[in-house]
1. Quick one: residue 357 ticks every box in (1) in contact with a Ser or Thr (Cβ under 8 Å, 6 or more places away or on another chain); (2) over 26 Å from residue 285 (Cβ atoms) bar one, so which box is it?
2. Examine region 616-623 for a residue that is in the same structural domain as residue 694 (by the TED database), surrounded by fewer than 18 Cβ atoms within 10 Å (Cβ to Cβ), closer than 21 Å to residue 721 by Cα and modelled with pLDDT of 75 or more, and state whether such a residue exists.
3. Would you be able to say whether some residue in region 447-465 is farther than 18 Å from residue 196 by Cα and without any contact (Cβ under 8 Å) to a residue 12 or more places away in the chain?
4. Of all the residues that make up region 454-493, how many are more than 25 Å from residue 144 (Cα to Cα) and either out of contact with any Lys or Arg (no Cβ under 9 Å at 6 or more places or on another chain) or surrounded by fewer than 16 Cβ atoms within 10 Å (Cβ to Cβ) (or both)?
5. Taking only pairs six or more apart or across chains, which ones have beta-carbon atoms under 8 Å, a first residue in region 665-691 that is over 14 Å from residue 647 (Cβ atoms), and a second residue that is of a type in the set (Asp, Glu) and at pLDDT below 80?
6. Any idea which of (1) over 24 Å from residue 235 (Cα atoms); (2) crowded, with 19+ Cβ neighbours inside 10 Å is the one residue 263 doesn't satisfy?
7. Can you tell me how many residues in region 463-477 are of a type outside the set (Asp, Glu), part of a helix (DSSP H, G or I) and closer than 11 Å to residue 504 by Cβ?
8. Considering only region 357-375, state which residues are over 15 Å from residue 331 (Cβ atoms), free of Cβ contacts under 8 Å to residues at least 40 places away in the same chain and either open to solvent by 40 Å² or more (accessible area, probe 1.4 Å) or not β-branched (Val, Ile, Thr) (or both).
Amino acid sequence: MPGMLMDGGGAIVPFSGEPGHAVAAAPPVRNIRHGVAPPISRVYVSFSSGNLLQVACLRPPNPEGGGDRGAEEVSGGRVVEVNLGGGGSGPGGADAEEIDEAEMRRIEYGSVPAFALLQSRKNALVDGSGMSRLPSVSEHAEWWQYVLEYSKTIGSLLGNPDSLSAYMIDDPKMILKVKEKPTSLKAAWELLEIFFVDKQLQTWLPERLVDWLADYDSLLTKTENTIYRTLINFQKKLINLQVVEDDPDYWSGLSAALSVGWLDIVVNMLRFHGSYQLDQMDSRETENGLVEAVAVLVSTMPRMRPDLPSGKLGQCCKTRPDFIKALEKWRGQVSKLECSAFWIQCGHQKTRDGLKSLLHIMLGNIKNLTASTSHWLELFASHLLYIRPFTVGFEGMHQLAQKCIQLKPSADNSGLTGLLTGILSENTEVVLAECTKNFGPWMVTHAMELLTADNDYADMMLHEEKPNFGGISIEELHRLVYAQVLCSHALTWQIAPTYLSSCLNQGLGLLEILLLKQPIQDNRVVLKTLEICRLYELENVSTNIMKIAGIYHWKHGRKGTGVYWFQQANDKVRLDRIAQQLFEHIGKSVTDDSFKQWEGLLELLGSDIGSAGGLEFLHRYRDFKRSLQMAQEGRTGESVRQTVEFLIQLMRNPSTPQRFWLPLLHDSVRLLNCKPCPLLNVAETTLLLNKLQELSLAKLRPDFSNIHLPIHALNSVRLALASNLARAILEEP
């Protein structure tokens, strides 16, 4: 066919993995922890904001209900976010290979107290000085100390790269010690702390960057070489080497480690040299002396810093004059060794060339530094160590970084290098974008306090209310986004109110929506929600939640629980409706044993009758029935008199429905006929006769509710009252 490529196997666009073409690089594979039990019927994939990809895993619906399994396992699924930019899929946006979901939740929960304490201190400063806007808080002298304390607390949650592994065995041939695995989240946080918060680091900022690179060099790139990978590869190779000084990788590793100031590693590796071995066939004293001299020079290298961590080599100089003096003396010693005549007596060519390369690095030879480093950030650190140790300020560091990027361009730019570039360029927008892209909403929300600690421009930019954001600031926007991420998970929604309450414009409104949408099936969740309402003084929301819980439990047959929540909400309207329903039920068979079916419900209402609204009559009626039963059993005379008092109270109380008058009087006939003395006086008996007369007239109305009692009930009550009245008149003095 004309125009068809015949060497591509019939393909219009040849695939690089086909025969005759270069082998394609393996596509990146990302494991998705969706947590949905098999089988999975459908998978939906859609793009979300930024680099996020949403993957929805759904189970087939089960019309039979699924037996004893949970609803989530039977029919449902889960939506998982995958970060295609290396930022991760967890709530905090951290790399899934670095921080799993459980660890990220630990960080999220642990950061809440530090964040809340900082917000409390900020509000205290605002109230104490009477300021009308929050950005002015950064003008307080003690504010940066508060932010530094906050940063240290958060940093401790993210891990400690200096901590040694508990199962590490001390190996003399070990180049890199086994430490806690570093994470990009921790590395990014330390970068922000170094440049924006810790003012004590300003005089020795280059040295702090060197320390940072020593901890996180392994995270700079995933595809390209670094000094860390160089040393790791040589570590694997070292076990099979008989004469290490004959291997070019030994000297390249030494030069690389020295170029970034890893002095302890350099001295340790120099001790691997064969001239230190005692069983030598020839004399290597001169060669060993040169190796030892270089090791001594390396271990005494001047470092302008307040102190040195334990195990670190170098000569500590706390002031600039002391450092300049020590540096001149040290470089003089290096130059003197380089010009020594002992090099001629050294018979091992690779040792001679390797040691001289180390001396050139210590003297700041740009050619050797460039050849020894792999990444532009490593070259940047080497310049700060050996060529420009007094570099201060963002402008000078940014120019140096741009120069190093030109010398060592990198195609695989990780989030850390992009973040550092944005920091050095003093571009707050770039810093926020890099944090959002690579480290997620947790990082952005908590890092904004660091960005505004001592930066007026960032302070103004992040707190300025923007019309295109709905009248909220960038800071509030990112807090709302992070709060929504927390709300989407059943294990983290409880900490979302801390961040929503710090958003002055829209936070409280979203907090109310969050609390009202919480499930009310579990009383523990309801109690947790009510506690949050109490903490933030949301009384109306609390009342609505209790009403919703009451309605839910009442409709699902848990009437006692429903009445309890109605009482807590002081919902007299619904309590009155419940009372009417109970009245309808009671009125059908007042004297039946069915009274016990709803008597337990009244027990749950508590002793505070006034809070029960329309149920007041049922409480009194319950007490009357109990006392009447005791009186009929003939237990005590006191119970008889108490029953009469309950009867009079019920008949006098306006809350007693008229349709219950006759059943009450009919139940009391035996008491009215009690002999030898009447239990009711004339006034009480007259009251009951009047009620009976009103009831007789009410029977003539069409809306009268007829109670199912014997036909002769009315006559029996009238006769008993008349008899009691006659005896009461005779008994009166």
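The values are calculated or read from the model by the stated rules, or taken from the named source; none is laboratory data. Bear in mind the structure is a predicted one, so any value in this text is a computation, not a measurement. Note: ideal-geometry Cβ built from the backbone for every residue, glycine included; neighbour counts use all protein chains shown. The area values use the complete protein model at the heavy-atom level, side chains included, leaving out ligands, DNA and RNA. Shrake-Rupley method; radii C 1.70, N 1.55, O 1.52, S 1.80 Å.
1. Here residue 357 meets the rest and fails (2).
2. No; the residues of region 616-623 include none that is in the same structural domain as residue 694 (by the TED database), surrounded by fewer than 18 Cβ atoms within 10 Å (Cβ to Cβ), closer than 21 Å to residue 721 by Cα and modelled with pLDDT of 75 or more.
3. yes
4. So the count comes out to 16.
5. The qualifying pairs are 677/731; 682/732.
6. (1)
7. Count: 1.
8. Selection gives 366, 367.
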